[in-house]
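Values quoted throughout were computed directly from the atomic coordinates according to the rules given, and no laboratory measurement underlies them. It should be emphasised that the depicted structure is a prediction, and the values quoted were computed from it without experimental measurement. Note that each Cβ is placed from the backbone with ideal geometry, even for glycine, and that neighbours are counted across all protein chains shown.
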Amino acid sequence: MKFILARKERMTQIFTEDGRTLAGTVLSATPLTVTQVKTTDGKDGYSALQVGFGTRRLSRLSKAEKGHFKNKGYAHVQEFRTDDVAGVATDSEIKVDTFSAGDVVQVSGITKGKGFQGGVKRHGFKGGRRTHGQKHSEREPGSIGGSGGRAGGRVAKGLRMAGRMGGDRVTVKNLTVLAVDAGKNEIIVSGAIPGARGTVVEIVSK
């Protein structure tokens, strides 16, 4: 399994040899540092690699973190379950050139936060009619069940209503790596991916 953490930069276009235009997202993937190797026969009981991405001031770390990371600060620490841990040593690097054009990957990230939104925007509700006595009900959600209905007069759990929207972890599958630039530590993935500019995303290829 191949994986890397990257920061979302911008969208761009890739022109193929046969004249097609493909939309892609440019991701900045600075090398990951392996901070811990876990094996099935060790105390953890499973196989995984813990990696660090980005930088963080040492003053923000606890004593335990300073000892574990050997006085190096990482902005993001992530663990990836994988069986390919043989020959991987602590402090080794995982670079963007582990991927190549044509690889099929899945990208996971946190979507943009949109704050408190109504039912029309959050769930695509139709809203009320514009005529026949309606005055201020164009974007109201309508009835939520009433007393003695399916929930016995209370609001049923999971009922679609207004509320906080966005900020969810979303995974987009079956994306294609369009290009890899090892010199710039950049990777271009087809289509759009979740999150705003600067969002840290996970790129995984099985």
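For this structure, a couple of remarks:
- Verdict on residue 6 being out of contact with any Cys (no Cβ under 9 Å at 6 or more places or on another chain), within 22 Å of residue 110 (Cβ to Cβ) and in contact (Cβ under 8 Å) with a residue 40 or more places away in the chain: yes
- Within segment 35-58, the set of residues being in contact with a Gly (Cβ under 8 Å, 6 or more places away or on another chain) and assigned to a strand (DSSP E or B) comprises just one member, 35.
- Pairs linking a residue in segment 32-54 that is closer than 23 Å to residue 6 by Cβ to a residue that is of a type in the set (Ser, Thr, Tyr) and assigned to a strand (DSSP E or B), with Cβ atoms under 7 Å and 6 or more positions apart or on different chains, are 50/35; 51/33; 51/35; 52/33; 52/35.
- A count restricted to segment 101-111 and to residues that are in a loop (DSSP other than H, G, I, E, B) and surrounded by 13 or more Cβ atoms within 10 Å (Cβ to Cβ) stands at 2.
- Filter result for residue 162 (surrounded by 14 or more Cβ atoms within 10 Å (Cβ to Cβ) and either in contact with a helix residue (DSSP H, G or I) (Cβ under 6 Å, 6 or more places away or on another chain) or without any contact (Cβ under 8 Å) to a residue 12 or more places away in the chain (or both)): yes
- Positions within segment 157-206 being closer than 30 Å to residue 121 by Cβ and acidic (Asp, Glu), in sequence order: 168, 202
- Of all residues in segment 165-204, those satisfying the criterion of being at positive phi and surrounded by 13 or more Cβ atoms within 10 Å (Cβ to Cβ) are 166, 185, 191, 195.
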